[in-house]
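Novice: Once you've had a glance at the structure underneath, I'll fire off some questions.
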Amino acid sequence: MTRKMAEEFRKIALELGEASESRVEQILLEMKKEKKLPPWLIGFKRLTHWSPGDRKGMDFIIFTTKRKIRVNIKSSESYARIFKTNHKNDDIIPIVVNLMDKDEKVFAKFLTQIGGVYRKMK
């Protein structure tokens, strides 16, 4: 692969990641508006690009009744595996968002993963 092709793939991956993050944010805002967030999920914050948290791999901070959960949104399982390998000692949870999934499925998957982490908290 040429350098130019690699650069183009990287650009596409960044755009796909941005689209996935924006989608999750919109879904969470809509669920909050419709009062469909579970009572233990008290808020969320999307981190801006190039912020200290973003550089560490965080896309969102989820505020719960116990503590914060740090989340990274990935557009594929392969990117999630790479993220887990590179962040073994971090408590950042990668969540895969497939752009082809319906919003309800994305929200359910998000809650399942975040809820699993929440239930394990003390």
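Novice: Quick check: the angle from helix 77-86's long axis to the longest principal axis of the chain, C-alpha only, nearest 10 degrees?
Specialist: 90
Novice: Can you give the relative contact order of the chain as a percent, counting alpha carbon pairs under 8 Å and 6+ residues apart? Don't skip to the answer; put the middle values down first.
Specialist: Working: 123 pairs, mean separation 25.5, N = 122.
Relative contact order here is 21 percent.
Novice: Connecting C-alpha atoms closer than 10 Å in a GNM of the chain, tell me which of 70, 81, 46 has the biggest fluctuation.
Specialist: Result for the chain, Cα springs under 10 Å: 81 fluctuates most.
Novice: Determine, for each peptide in 71-77, 91-97, 6-12, 27-33, the mean count of other beta carbons within 10 angstrom over its residues, then list the peptides with the highest first. List each step's numbers first, then the result.
Specialist: Details: 71-77: 20.1, 91-97: 18.3, 6-12: 10.6, 27-33: 14.6.
So the order, starting with the most tightly packed, is 71-77, 91-97, 27-33, 6-12.
Novice: First select every other residue whose beta carbon is under 14 angstrom from the beta carbon of residue 82; then total the charges, Lys and Arg +1, Asp and Glu -1.
Specialist: Combined, the nearby Lys, Arg, Asp and Glu give +3.
Novice: Right, another one. Do the sum for the chain: with -39,500 (n - 2.57) for every DSSP H run of n ≥ 4, divided by all residues, what is the mean residue ellipticity at 222 nm, to the nearest 500 deg cm²/dmol? Present the calculation step by step, with values, prior to reporting the outcome.
Specialist: Details: 4 runs with 63 residues, N = 122.
For the chain, the value works out to -17000 deg cm²/dmol.
Novice: Residue farthest toward the positive end of the dipole of the chain, with Cβ of Lys/Arg at +1 and Asp/Glu at -1: which of 31, 116, 61?
Specialist: Going by the Cα projections, it comes out as 116.
Novice: Something else about it: Over all distinct alpha-carbon pairs, what is the Kirkwood Rh of the stretch 3-120 in angstrom? Before the final figure, lay out each step's value.
Specialist: Numbers: mean 1/r = 0.0673 Å⁻¹.
When all Cα pairs of the stretch 3-120 are included, the Kirkwood radius is 14.9 Å.
Novice: Between residue 90 and residue 113, with labels modelled 7 Å along Cα→Cβ, what's the label distance in nm to one decimal, could you check?
Specialist: 1.3
A short reminder: the numbers here are calculations on the coordinates, not readings from a lab. Being a predicted model, the structure only gives us computed values, none of them experimental. As a convention, Cβ positions derive from the backbone with ideal geometry for all residues, glycine included, and neighbour counts pool all protein chains shown.
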